[in-house]
1. Before we move on, is residue 32 closer than 21 Å to residue 94 by Cβ and modelled with pLDDT of 90 or more?
2. Identify, from the list 262, 280, 270, the residue that is in contact (Cβ under 8 Å) with a residue 24 or more places away in the chain and more than 26 Å from residue 196 (Cα to Cα).
3. Would you check if there is a residue in the stretch 53-68 being touching a residue at least 60 places away in the same chain (Cβ under 8 Å) and either surrounded by 17 or more Cβ atoms within 10 Å (Cβ to Cβ) or not assigned by TED's automatic domain parsing to the domain that holds residue 250 (or both)?
4. Residues in the stretch 180-193: is at least one modelled with pLDDT of 95 or more, within 23 Å of residue 127 (Cβ to Cβ) and touching a helix residue (DSSP H, G or I) at 6+ places or on another chain (Cβ under 9 Å)?
5. State all residues of the stretch 88-106 that are surrounded by fewer than 18 Cβ atoms within 10 Å (Cβ to Cβ) and more than 13 Å from the chain's Cα centre (by Cα); if no residue qualifies, say none.
6. Looking only at the stretch 93-110, which residues are in contact with a helix residue (DSSP H, G or I) (Cβ under 8 Å, 6 or more places away or on another chain) and either part of a strand (DSSP E or B) or under 17 Å from residue 21 (Cα atoms) (or both)?
């Protein structure tokens with residue numbers, strides 16, 4: 001039983017797929033299968049159910065999994081400590097995020113961490129808030145930064161910083177004269193551009209709208225677009241209006257490219273969260289990053305307030 005076999009086994013259990021496990025470890029699928037088969041022969045037991053459409057661990061596999069994680073983490077801890085001693089810590093951190101944190105928070109974060117640990121690499125994946133949460137619960141994602149706190153007993157949320165949604169329009173009549181608060185009645189006639197289902201931005205707007213007695217069905221929706229930058233370009237060209245994060249439109253407001261307003265009837269305040277699994281043991285590098293993120297925002301280094 002060697003580390004390559006254990007890493008292959010953990011990856012297959014994590015991704016529930018031999019091909020994805022191979023991609024994660026930069027190994028071919030036959031190599032992954034060979035590592036698993038050799039491990040099963042050495043332990044004289046079946047670790048992976050291959051008969052079902054969905055790859056799962058057997059009872060013996062479940063038992064081995066926690067020990068395998070511990071052994072791999074112990075290896076990483078030794079490498080990490082040696083790296084500290086020699087002044088060259090390396091490794092890769094996987095981070096998943098929804099749209100706004102991905103574009104306006106994480107770049108500063110990983111740049112600062114890179115200054116401390118220049119040999120550490122990052123893999124950043126884009127999902128909506130719910131997909132990030134589901135991925136962490138299922139063991140497919142290690143860390144997430146999202147704009148919603150979706151309660152689950154297996155998840156730990158750390159509040160990072162504050163945000164609010166603004167009503168964003170072209171910088172044209174009648175919205176370009178001031179940034180005064182508007183009412184829902186002022187904007188119901190407009191054509192709206194919405195984010196995709198699962199988006200934290202969309203969920204917050206819908207929840208707040210429902211408290212006013214109105215519903216999304218009362219609005220004229222002209223498009224559903226996943227990308228915030230694309231939404232801003234569509235607004236500038238007159239396709240419609242939208243509710244976007246204040247962080248996403250700072251430059252456009254500064255240079256009078258877009259106009260943004262608060263809506264008197266809606267509470268569109270929110271926080272961003274760093275989220276991870278409560279009961280999953282991080283590697284030493286992941287633990288260092290986890291501590292760094294919490295301290296970074298505690299010190300207010302990314303605050304734009």
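The values are calculated or read from the model by the stated rules, or taken from the named source; none is laboratory data. Just so we're clear, the structure is a prediction, and the values are computed from it rather than from any experiment. Note that we place each Cβ from the backbone using ideal geometry, even for glycine, and neighbour counts take in every protein chain shown.
1. For residue 32, the condition - closer than 21 Å to residue 94 by Cβ and modelled with pLDDT of 90 or more - is met.
2. Within the list 262, 280, 270, the selection yields 280.
3. Yes: one or more hits.
4. yes
5. Listed by number, the residues that qualify are 88, 90, 92.
6. Those that are in contact with a helix residue (DSSP H, G or I) (Cβ under 8 Å, 6 or more places away or on another chain) and either part of a strand (DSSP E or B) or under 17 Å from residue 21 (Cα atoms) (or both): 93, 95, 96, 97.
Per-residue answers, yes or no, for (1) out of contact with any strand residue (DSSP E or B) (no Cβ under 8 Å at 6 or more places or on another chain); (2) under 19 Å from residue 140 (Cα atoms):
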position: 1; (1), (2): yes, no
position: 6; (1), (2): yes, yes
position: 12; (1), (2): no, yes
position: 18; (1), (2): yes, yes
position: 27; (1), (2): yes, yes
position: 48; (1), (2): no, yes
position: 51; (1), (2): yes, no
position: 58; (1), (2): no, yes
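Listed here are the residues, each with its yes/no results for (1) farther than 20 Å from residue 155 by Cβ; (2) under 17 Å from the mean Cα position of the chain (by Cα); (3) surrounded by fewer than 19 Cβ atoms within 10 Å (Cβ to Cβ); (4) in the same structural domain as residue 69 (by TED's automatic domain parsing).
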position: 245; (1), (2), (3), (4): yes, yes, no, no
position: 250; (1), (2), (3), (4): yes, no, yes, no
position: 253; (1), (2), (3), (4): yes, no, yes, no
position: 257; (1), (2), (3), (4): yes, no, yes, no
position: 263; (1), (2), (3), (4): yes, no, no, no
position: 266; (1), (2), (3), (4): yes, no, no, no
position: 275; (1), (2), (3), (4): no, yes, no, no
position: 287; (1), (2), (3), (4): no, no, yes, no
